[in-house]
Amino acid sequence: MLPHTASELILNPDGSVYHLGLKGEDIPNLIFTVGDPDRVGNVTQHFDSIAWTKQRREFTIVRGTLQGKEVLVLSTGMGTDNIDIVVNELDAAVNIDPVTRMNRTQLRKLTIIRIGTSGAIDPDIPLGTHLLSAGALA
């Protein structure tokens, strides 16, 4: 396998992924995402503690602990294009070596839970209904 090129994997001078400004060691395995940056506080109010907060572009990122477990919450902004950036950069930060630009031999699996609103096309689902997805297609 060839290394990821600079156009495929854009890194900041410190080796962090370009848009999020995160390195692999910044990212725990459990991540909550919200669309609106103002909703990050709705999640972090339940944290046991906050280790740090970072603001880059429309991305508000907070690392802390929840019930003793390391977690991260970050806003994705609006739209699937931003979600694509977030998911790809999280994966790159933990699974690509920033120095060699090669995939790591031992890959990390992240659990990403999206918390947010959604529209529904089923007339039997009334407004305000809480839904929990059982899965997603990739």
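The values are calculated or read from the model by the stated rules, or taken from the named source; none is laboratory data. As the structure is a prediction and not an experimental result, all values here were calculated from the model. We place every Cβ from the backbone using ideal geometry, glycine too, and count neighbours over all the protein chains shown.
Please go through (1) of a type outside the set (A, V, I, L, M); (2) modelled with pLDDT of 95 or more; (3) surrounded by 13 or more Cβ atoms within 10 Å (Cβ to Cβ) for Arg56 and return the number of the only condition it doesn't satisfy.
It is condition (2) that Arg56 fails.
Kindly list the number of the only condition in (1) surrounded by 15 or more Cβ atoms within 10 Å (Cβ to Cβ); (2) under 10 Å from the mean Cα position of the chain (by Cα) that fails for Ala92.
Result: Ala92 passes all but (2).
Please enumerate the residues belonging to segment 1-41 that are in contact (Cβ under 8 Å) with a residue 12 or more places away in the chain and among the polar types (S, T, N, Q).
Thr5, Ser16, Asn29, Thr33
Between residues in segment 87-113 that are part of a loop (DSSP other than H, G, I, E, B) and residues that are among the hydrophobic types (A, V, I, L, M, F, W, C) and modelled with pLDDT under 95, which pairs lie under 8 Å by C-beta distance while being six or more apart or on different chains?
Here the result reads Met102/Met1, each pair linking segment 87-113 to a residue that is among the hydrophobic types (A, V, I, L, M, F, W, C) and modelled with pLDDT under 95.
Conditions tested, residue by residue: (1) charged (D, E, K, R); (2) out of contact with any Asp or Glu (no Cβ under 9 Å at 6 or more places or on another chain).
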{"site": "Ser7", "(1), (2)": "no, yes"}
{"site": "Asp26", "(1), (2)": "yes, yes"}
{"site": "Asp48", "(1), (2)": "yes, yes"}
{"site": "Arg57", "(1), (2)": "yes, yes"}
{"site": "Gly64", "(1), (2)": "no, no"}
{"site": "Gln67", "(1), (2)": "no, no"}
{"site": "Glu70", "(1), (2)": "yes, yes"}
{"site": "Ser75", "(1), (2)": "no, no"}
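Would you mind stating whether Thr100 is closer than 30 Å to Ile10 by Cα and loosely packed, with under 14 Cβ neighbours inside 10 Å?
Answer is yes for this residue.
Taking segment 1-46 only, how many residues are surrounded by 15 or more Cβ atoms within 10 Å (Cβ to Cβ), modelled with pLDDT of 95 or more and among the small types (Gly, Ala, Ser)?
Qualifying residue count, segment 1-46: 3.
Here is a check on your reading of the model: is Ile50 assigned to a strand (DSSP E or B), surrounded by 12 or more Cβ atoms within 10 Å (Cβ to Cβ), more than 14 Å from the chain's Cα centre (by Cα) and not aromatic (Phe, Trp, Tyr)?
When the stated conditions are applied, Ile50 passes them.
Checking Asp84 against (1) exposed (fewer than 14 other Cβ atoms within 10 Å of the Cβ); (2) in contact (Cβ under 8 Å) with a residue 60 or more places away in the chain; (3) under 17 Å from the mean Cα position of the chain (by Cα), only one condition comes out false. Which one?
(2)
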